[in-house]
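Beneath this line is the structure, given in structure tokens, with notes to follow.
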Amino acid sequence: MRKKSDHSKRDRLARRNTMNDLDRAREYYAEELRAVANIQSEAVVKAFAKVPREHFLGPGPWKILSPGFEYWTTKDADPKHLYHNVLVAIDAERKLNNGHPSFLAFLIEQLELQAGDHVVHVGCGTGYYTAVMAEVVGSIGNVTAYEIDAGLA
């Protein structure tokens, strides 16, 4: 017969594994972006693996833009839905999206950012890609972001 403490230990491990599942999804997403956009910068890949996209997109379920330019809604609010190379609506009525991750990863890599750099991001939307750039330049760098649409900023 198992002790009660064995069950609580198992429960803690299960919760830890659930958190690790999301970390794994972020890592897979970053590797997907590396492959699709031919990203060579390890710093860019690591930044996409680290920055939690769900913190910049509001609560789920989320609207995803399909290749046919129709939105579909994720079946639930599991953040794993966001860790694919997909456009996520930030204002579906205005057809405003969070940006296509592989395209933005490609553009960020073209900046050739280094630790300690200062970058200005104009039209930062909800700030997700600003956070990715901040991760690339590190704590000794600086990112200044501007967004004129108060509903997005």
Exactly one condition in (1) in a loop (DSSP other than H, G, I, E, B); (2) more than 15 Å from Val45 (Cβ to Cβ) is false for Leu113; which is it? (2)
Give the number of residues within region 50-71 that are under 17 Å from His100 (Cβ atoms), part of a loop (DSSP other than H, G, I, E, B), more than 11 Å from the chain's Cα centre (by Cα) and not charged (D, E, K, R). 5
Go through region 72-102 residue by residue and tally those that are part of a helix (DSSP H, G or I) and either among the charged types (D, E, K, R) or in contact (Cβ under 8 Å) with a residue 24 or more places away in the chain (or both). 8
Filter region 117-133 down to the residues that are without any contact (Cβ under 8 Å) to a residue 60 or more places away in the chain and either part of a helix (DSSP H, G or I) or within 20 Å of Gln40 (Cβ to Cβ) (or both) and list them by number. Asp117, Val119, Tyr129, Thr130
Those residues of region 32-49 which are assigned to a helix (DSSP H, G or I) and closer than 18 Å to His100 by Cβ, in sequence order: Glu32, Leu33, Arg34, Ala35, Val36, Ala37, Val44, Val45, Ala47, Phe48, Ala49
Log entry, pairs with first residue in region 23-51 being more than 15 Å from Ala131 (Cα to Cα), second being assigned to a helix (DSSP H, G or I) and of a type in the set (Phe, Trp, Tyr), beta carbons closer than 8 Å, six or more apart or on different chains, reads Tyr29/Phe48; Leu33/Phe48; Ala37/Phe103; Ala37/Phe106; Asn38/Phe106; Ile39/Phe106
Of the residues that sit in region 69-125 and are among the acidic types (Asp, Glu) and surrounded by fewer than 17 Cβ atoms within 10 Å (Cβ to Cβ), which one is farthest from Glu31 (Cα to Cα)? Glu93
Which count do you get for residues in region 28-50 that are closer than 16 Å to Val86 by Cα and either surrounded by 17 or more Cβ atoms within 10 Å (Cβ to Cβ) or among the β-branched types (Val, Ile, Thr) (or both)? 9
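No value in this document is a laboratory result; all are computed from the given coordinates. This structure is a prediction, so every number in the text was calculated from the model and none was measured. Cβ: placed from backbone, ideal geometry, glycine included. Neighbour counts: every protein chain shown.
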